[in-house]
Amino acid sequence: MLVLGIESSCDETGVAIYDTDKGLIAHTLYTQVELHAQYGGVVPELASRDHIRKLTPLILQTLEEANIERTELDGIAYTAGPGLIGALLAGSSVARSLAYALKIPAVGVHHMEGHLLAPMLEDNQPDFPFICLLVSGGHSMLIRVDGIGEYKLLGDTLDDAAGEAFDKTAKLLELGYPGGPNVSNLALKGNAERYKFPRPMVDRPGLDMSFSGLKTYTLNTWQAAIKEDDASEQTKADICRAFELAVADTLTIKCKRALEQENLNRLVVAGGVSANREIRSKLDALMKKRKGEVFYPRLEFCTDNGAMIAYAGAQRLLAGQSNDLNFAATPRWSLEELPKI
Ligand code: ATP
Ligand code: MG
Ligand code: FE
């Protein structure tokens, strides 16, 4: 089965073609990062317009790279939510119209299910059940996964998502948008001994997380440095290092707790923040010590992309699931509502 996947939930237009026999055969991505960088964050109206501009050319380019005709497609998968409503509608209306014209089924995919299943695009796929740490720009969740569509939310963030904390920290330190990669790169030059940031919520039971306190801690540390006339690049790097270590430690402690609670030893980490080196290295060490397994998407599939949507949609289409024309976009949508396949 040949499935075209379309992602447009935020500021990335992603298109891919997944073959359920051969795997991923083509994928293209257009990022709007430069467009939004001047505003320090995503401007929804500009995002929708840019998706409209880029969707058709990207679909044509992807078909060409895959060397297939549109009439060969068996189904279309598009991100139906959660995300920015205008951006979602841009992708879903293109997807629905194309499916209607080609007389093939279309399925609305949950963006976070796409992220969660992204490691399945690699050769070494995790078996079910596993614990998934899903950390992105808008979410920080720990989920027990027993199969596709069998998701139990074990923990969530009480305030900012992990990626959001990276982005806000970057903004405070004037490192540009999006913040994750910039904070992480500067942290490489930082001295880990200089500042010690708190590990939020680790002394409390449970699996919920909170990251907004770290942002305040960053702000206070940076303002103190400015007062002491020490607002140097090195100070920024030292703050980035302390911040990143605090996030990585916190996530590692929560993952360990989730694995113990559910009596599992298989961990999947996905979403934009799963690209972070420090977090990967701490989680690798945890799973090595536990003699368990850990899986990540390849770096380019940690952040938004069409491949993960094509994969997740293909699994649902294969199982006979599709949506009728009324199903357009769902800006708020819980993973736990999804049907099993
Ligand atoms: P959601 O998936 O929750 O709707 P999103 O689609 O905006 O949100 P993603 O595309 O999954 O989020 O990831 C983007 C986020 O990942 C940004 O917050 C970005 O700063 C963060 N990020 C990307 N690379 C890194 C990195 N190396 N280290 C830390 N954070 C990173
Ligand atoms: Mg993005
Ligand atoms: Fe995302």
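The values are calculated or read from the model by the stated rules, or taken from the named source; none is laboratory data. Here the structure is a predicted model, which means the values were calculated and not measured. FYI the Cβ positions are ideal-geometry reconstructions off the backbone, even for glycines, and counts take in every protein chain you see.
Quick check on Asp50: is it more than 13 Å from ligand 2 (Cβ to nearest atom), more than 20 Å from the chain's Cα centre (by Cα) and in contact (Cβ under 8 Å) with a residue 12 or more places away in the chain? Considered against the rule, which asks whether it is more than 13 Å from ligand 2 (Cβ to nearest atom), more than 20 Å from the chain's Cα centre (by Cα) and in contact (Cβ under 8 Å) with a residue 12 or more places away in the chain, Asp50 comes out as no. The number of residues in segment 246-278 that are free of Cβ contacts under 8 Å to residues at least 40 places away in the same chain and either within 16 Å of ligand 2 (Cβ to nearest atom) or on the phi < 0 side of the Ramachandran plot (or both) comes to 5. The residues of segment 85-128 that are of a type outside the set (D, E, K, R) and not in a helix (DSSP H, G or I), listed by number, are Ile104, Pro105, Ala106, Val107, Gly108, Val109, His110, Asn124, Gln125, Pro126, Phe128. Looking across segment 138-163, the residues that are within 15 Å of ligand 1 (Cβ to nearest atom) and either among the hydrophobic types (A, V, I, L, M, F, W, C) or surrounded by fewer than 24 Cβ atoms within 10 Å (Cβ to Cβ) (or both) come down to Gly138, His139, Met141, Leu142, Ile143, Leu153, Asp156, Thr157, Asp159, Asp160, Ala161, Ala162. Checked against the criterion of being in a helix (DSSP H, G or I) and surrounded by 21 or more Cβ atoms within 10 Å (Cβ to Cβ), segment 219-233 has no qualifying residue. Return a yes/no flag: does segment 122-132 have any residue that is touching a Leu at 6+ places or on another chain (Cβ under 8 Å), crowded, with 19+ Cβ neighbours inside 10 Å and aromatic (Phe, Trp, Tyr). The answer is yes; a qualifying residue exists. Residues that are of a type in the set (S, T, N, Q) and outside any strand (DSSP E or B) within segment 129-153 comprise just one, Ser136.
Within segment 1-44, the set of residues being surrounded by fewer than 17 Cβ atoms within 10 Å (Cβ to Cβ), within 16 Å of ligand 3 (Cβ to nearest atom) and at pLDDT below 95 comprises Val33, Gly41.
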